[in-house]
Structures are given as structure tokens and as C-alpha cells.
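Below is one structure, written out as C-alpha cells; comments come after it.
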Amino acid sequence: MKKYITLSFIYAVAAIVCGVFFREFTKYWGFTGRTTLAFTHLHLFVLGTLLFLLVGLYAEKLPLEKQRAFRIFMPLYNLALPFMTAMFFVRGILQVMGTRLPAGASAAISGIAGLSHTMMTIALVLLFLALKKAAGKAGN
């Protein structure tokens, strides 16, 4: 459970840093429109902090770590979420600065973001499968 709380804390700190960066960066540039930078804070809090707090609670009661699906979920999820956040950052910084990207560069950012979302979806499905199997083995 301790490692999940630590991981949750790391995501919470990252979320706070992203929120401060978003506020200060947009204020510095005088930007008042919508930007994907705003999503980094929320995504890290919900998909990082809250998810791993819940995983920590379930791991205490269920044999989650014994599930193959869970062992695949952990590295996949912890790769996908930072990549997703990084692409929000890249796109958002360019939006705030008013930088026009060539079509290929924009497509590359979208492609990496899409890949990270796909990885995240697969990881979440694996988590639910592991939870279901672990709950069945625990007799719940």
C-alpha cells in the first residue's frame, strides 16, 4: 500500500506544479483563451493521485499484485499518463505562445497523444480485469 500512496503523492505534486505553471505561464503571456495546459492539472490529480489512492486501498484488501493483468497495468499506465500529460504541455505551450505548427508536427503531437490515450485505455481495462479477478479470489 505504501508504494501506491507514494506514487499518488508524486502525481499530486506533479499536478500542483502543472497547475501553478499553467496559471503563471498564461499570466506571463497575457493569454486568456482556452489551452490544453489546463488539462494537465486535472488529469494528473484524477488519473494519478486519486486512482493510486484507490488502488492502494484495494491492494490492501485484494491480492492485486498477484494478478498478471495488474502487473502489466502498472508500467503501462505509468508510461501512458506522463506521455499524455507531456503532449498536453507541448500543445498548450504552443497554443499560449501562438506558435503555428506545420501540419506534420501537429499530427505528430496528436499521434503521440492518441497513442498515450490508447495505452491508458488498455491499462484501465487491465486494472478492471485484475480487480475483478482479485475480488473473485478473495470471495467478494
> In the list Leu37, Leu47, which residue meets the criterion of being in contact with a Gly (Cβ under 9 Å, 6 or more places away or on another chain), touching a residue at least 40 places away in the same chain (Cβ under 8 Å) and closer than 15 Å to Ala86 by Cβ?
Replying inline: Leu37
> Is region 98-109 home to any residue that is of a type in the set (Gly, Ala, Ser) and touching a helix residue (DSSP H, G or I) at 6+ places or on another chain (Cβ under 8 Å)?
Replying inline: no
> Can you tell me which residues in region 24-54 are in contact with a Phe, Trp or Tyr (Cβ under 9 Å, 6 or more places away or on another chain), part of a helix (DSSP H, G or I) and among the polar types (S, T, N, Q)?
Replying inline: Thr40, Thr49
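It is to be established whether one or more residues within region 55-67 are of a type in the set (Val, Ile, Thr), closer than 30 Å to Gly136 by Cβ, in a helix (DSSP H, G or I) and in contact with a helix residue (DSSP H, G or I) (Cβ under 7 Å, 6 or more places away or on another chain).
The answer is yes; a qualifying residue exists.
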> When you go through Ser116, Ser106 one by one, which is the residue that is within 15 Å of the chain's Cα centre (by Cα) and of a type outside the set (Asp, Glu)?
Replying inline: Ser116
>> Please go through (1) closer than 22 Å to Leu131 by Cα; (2) in contact (Cβ under 8 Å) with a residue 40 or more places away in the chain; (3) surrounded by fewer than 14 Cβ atoms within 10 Å (Cβ to Cβ) for Pro63 and return the number of the only condition it doesn't satisfy.
In response: (3)
> Within region 66-79, how many residues turn out to be surrounded by 18 or more Cβ atoms within 10 Å (Cβ to Cβ) and either touching a residue at least 40 places away in the same chain (Cβ under 8 Å) or in contact with a strand residue (DSSP E or B) (Cβ under 9 Å, 6 or more places away or on another chain) (or both)?
Replying inline: 5
> Among the residues of region 95-109, which ones are in contact (Cβ under 8 Å) with a residue 12 or more places away in the chain and loosely packed, with under 14 Cβ neighbours inside 10 Å?
Replying inline: Met97
>> Among the residues of region 15-34, what is the count of those that are touching a residue at least 40 places away in the same chain (Cβ under 8 Å) and surrounded by 20 or more Cβ atoms within 10 Å (Cβ to Cβ)?
In response: 2
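Taken together, the values in this text are just the output of simple stated rules run on the coordinates, not laboratory data. Since the structure is predicted, the reported quantities are computational estimates derived from the model, not experimental observations. All Cβ positions, even for glycine, are placed from backbone atoms using ideal geometry, and neighbour counts span all protein chains on display.
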